[in-house]
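Read the structure below first, then the notes.
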Amino acid sequence: MNYIVLDLEWNQSTNGKEEVPGIPFEIIEIGAIKLNDTGVMIGEFSRLIRPSVYHEMHRITSKLIHLQMQELERGEAFPEVMEAFLQWCGEAEYMFCTWGSLDLTELQRNLKYYNMTPLSNGPLPFLDVQKLFSLAYEDGKSRRSLESAVDFVQMEKDIPFHRAFSDAYYTAKLTTLLINEHEPVLKNVSFDVFHPPADRASEVKIRFDHYMKYISREFEDKAEAFADKEVISSKCYLCRRNLKKKLKWFSLNGKQYYCLAYCEKHGYFKSKIRLRKSENDKVFVVKTTRPITKEEAELLKSRNERAKELRRRRSRVHKDAALEAEPKGEMSPS
């Protein structure tokens, strides 16, 4: 399998008030390096894209990438560049690699704007090299900038940063390093979910070394999602048992939900649900489940108590507001 290491540059509305629906970020440059399965560079791609949406360069974009609108006018239209890029990717099996998780989402959004064939009809697996670098060299949670990562491994900086091709070039060199020296981390595939699973059969269930991930199909709203048995289930992915919950689903902010369950064989498990909004104004769920220690379980119980207290406070505020809003009866004359 080949690896297509991709980087994009994009432009946006200069003031944020003239954003075009469906395309908040217009791609203006594509850079890519093709690696074979041993990490050897076997191809490169670099094209400028002539803008058709935003015809003034955002000042921060211009300052960061040192690219002027006059140069972009000499580029090609996005559909032409994209067709050339996909042809360059080739017929052999490949996986996209990016530094961070944003590029593929914006690429698919631009494809949709131009009514082009999507890269995938569901979640698109890819390698987030920024995350993999952290897993290989740090704590798996921190995220370095590309240049900081290059400095960390004392890699030679032979071309400037902050253009699509150069950033793809450095990301490719780091990817080669991971392939050759930290190959096990490559199992930690990420998913771009611009297109959520189309139906139950297409939902993603994938097991990693230390956790399980589930990506649901779309639901009309949060209530429908939490009425789905698969969404709210708690299972031990090690022995496949359905688990009894020690803490039912709760949230501190209405965006992330947690529950605690216990397996007689493998101990405590924490599940976390993140509600995501799709391009169709529906919702889908990304759920992770991982084993935790007894001490971590106690911390989760404390968070649950805080969530209960927040609900009690909100309830009292609403009750007091309702009482204040009630019309006062008129006093009868004595």
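Throughout, read-outs are computed from the coordinates displayed, never taken from laboratory work. Bear in mind the structure is a predicted one, so any value in this text is a computation, not a measurement. Quick reminder, even Gly has a Cβ in these numbers, built from the backbone with ideal geometry, and neighbours come from all protein chains shown.
What the Cα atoms of the chain give is an Rg and a Dmax of 24.4, 98 Å. The ranking of T61, T98, T288 from fewest to most other beta carbons within 10 Å of each one's beta carbon is T288, T61, T98.
The alpha-carbon positions of segment 2-192 define a convex hull whose volume is 125 Å³ per residue. Mean residue ellipticity at 222 nm, helices only, the chain: -10000 deg cm²/dmol; runs of at least 4 DSSP H residues each add -39,500 (n - 2.57), and the sum is divided by the number of residues. Going by neighbour counts of Cβ atoms within 10 Å, the residues D158, D192, D7, D151 line up, fewest first, as D158, D151, D192, D7. Using a Gaussian network model of the chain in which every pair of alpha carbons under 10 angstrom is joined by a spring, one finds that among P291, P118, P21 the greatest mean-square fluctuation is at P21.
Compute the helix-to-body angle for 103-113: its Cα long axis versus the longest principal axis of the chain, expressed 0 to 90° and rounded to tens. For helix 103-113, the angle is close to 90 degrees. For Y94, the residues whose modelled amide H falls within less than 5 Å of its own, excluding neighbours fewer than 5 places apart on the same chain, are N2. Put the Cα centre of segment 263-298 next to the Cα centre of segment 11-78 and the gap is 36 Å. Taking other C-beta atoms within 10 angstrom as a stand-in for reagent exposure, T289, T14, T175, T38 fall in the order T38, T14, T289, T175, fewest first. Using Stokes-Einstein with the Kirkwood hydrodynamic radius over Cα pairs, what translational diffusion coefficient do you get for segment 200-317 at 37 °C and a viscosity of 0.692 mPa s, in µm²/s rounded to a whole number? Diffusion coefficient, whole number: 218 µm²/s. Loop-located trypsin sites (Lys or Arg not before Pro) across segment 201-277 with a Cβ neighbour count of 13 or fewer within 10 Å are R240, K255, K265, with loop assigned by DSSP. For the chain, the longest principal axis of the alpha carbon atoms and the long axis of helix 294-325 meet at an angle near 70°.
Within segment 159-268, the proportion of C-alpha pairs whose separation exceeds 21 Å stands at 57%.
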